[in-house]
Amino acid sequence: MAKGLIGGLIAGGLIGALLGGGLGSLAGAGMLMALLQITLIGGLVWLLLRMFRRRPALAGAHGGAMSSPFAGFEPRSAPQRPSVRSFPAVAAAPRSGEIDIDNADRQDFERLLVEVQDAFSKEDFGRLRERTTPEVMSYFAEELSQNATAGRRNSVSGTVLIDAEVAEAWREDTTDYATIAMRYESVDVMLDRSTGAVLEGDAERPSQATELWTFKRESHGEWRLSAVQEA
């Protein structure tokens, strides 16, 4: 309709100008200029309207404003148990309930920290097997074998527990588990297997570490190391 009206105005203006006063008529010329101005303004308005009508195409597929790329995003919930790095994870099974950790248990955890570190440093497979689960023992054996193949030996000495806190303790059927946050210091170095030269670490100064050690015991038996994770 807009194009038809504008075309009619242009044709009518030109015919009126020609028939009314001729090409030399000032009134006709003025009328023609006015019509041309109206035509140009109308065309500009029509063009702007077309442009604005196309802008909603940028909206979402269902109309309205564009949806945010983060719409509906929900952060993942924190895991209920610490994930185990390097060591095999404790099998996830339904818990029967929380358990209490007494002073005797705490002493066992501190003793195992020192004994496991010492046995690993001395590459004592027998002592490691007595104090760890088969899964952890297999990991220790693999790491010790890799060090031997590379001509290195990991020496850990002077292990002292500085602080310990029970992260959680629970029972699954007849098996007890306890995850303990342990902060300790030790002299931890990597040595050349042949010469005894220090390859990594400082043999003169102890370093501190904080790790989550998970212990396991069957039917109120002895605690054994079942997992380790850096805190």
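In table form, for the structure just shown:
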item	result
Hits in the range 203-231 - residues which are among the charged types (D, E, K, R), more than 20 Å from Pro134 (Cα to Cα) and in a strand (DSSP E or B)	Glu211, Glu230
Residue in the range 145-155 that is closer than 29 Å to Asp102 by Cα, in contact with a strand residue (DSSP E or B) (Cβ under 8 Å, 6 or more places away or on another chain) and in contact (Cβ under 8 Å) with a residue 40 or more places away in the chain present	no
Strands (runs of 3 or more DSSP E) wholly inside the range 108-202 that include at least 3 residues being open to solvent by less than 20 Å² (accessible area, probe 1.4 Å)	152-172, 175-192
Selection count where residues are surrounded by 13 or more Cβ atoms within 10 Å (Cβ to Cβ) and not hydrophobic (A, V, I, L, M, F, W, C), scope the range 219-231	3
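The values are calculated or read from the model by the stated rules, or taken from the named source; none is laboratory data. All figures in this text were calculated on a predicted structure; none of them were measured in a lab. Every residue, glycine among them, receives a Cβ derived from its backbone with ideal geometry; neighbour counts consider all protein chains shown. Quick note on the areas: whole protein, heavy atoms, side chains included, nothing else; ligands and nucleic acids left out. Shrake-Rupley method; radii C 1.70, N 1.55, O 1.52, S 1.80 Å.
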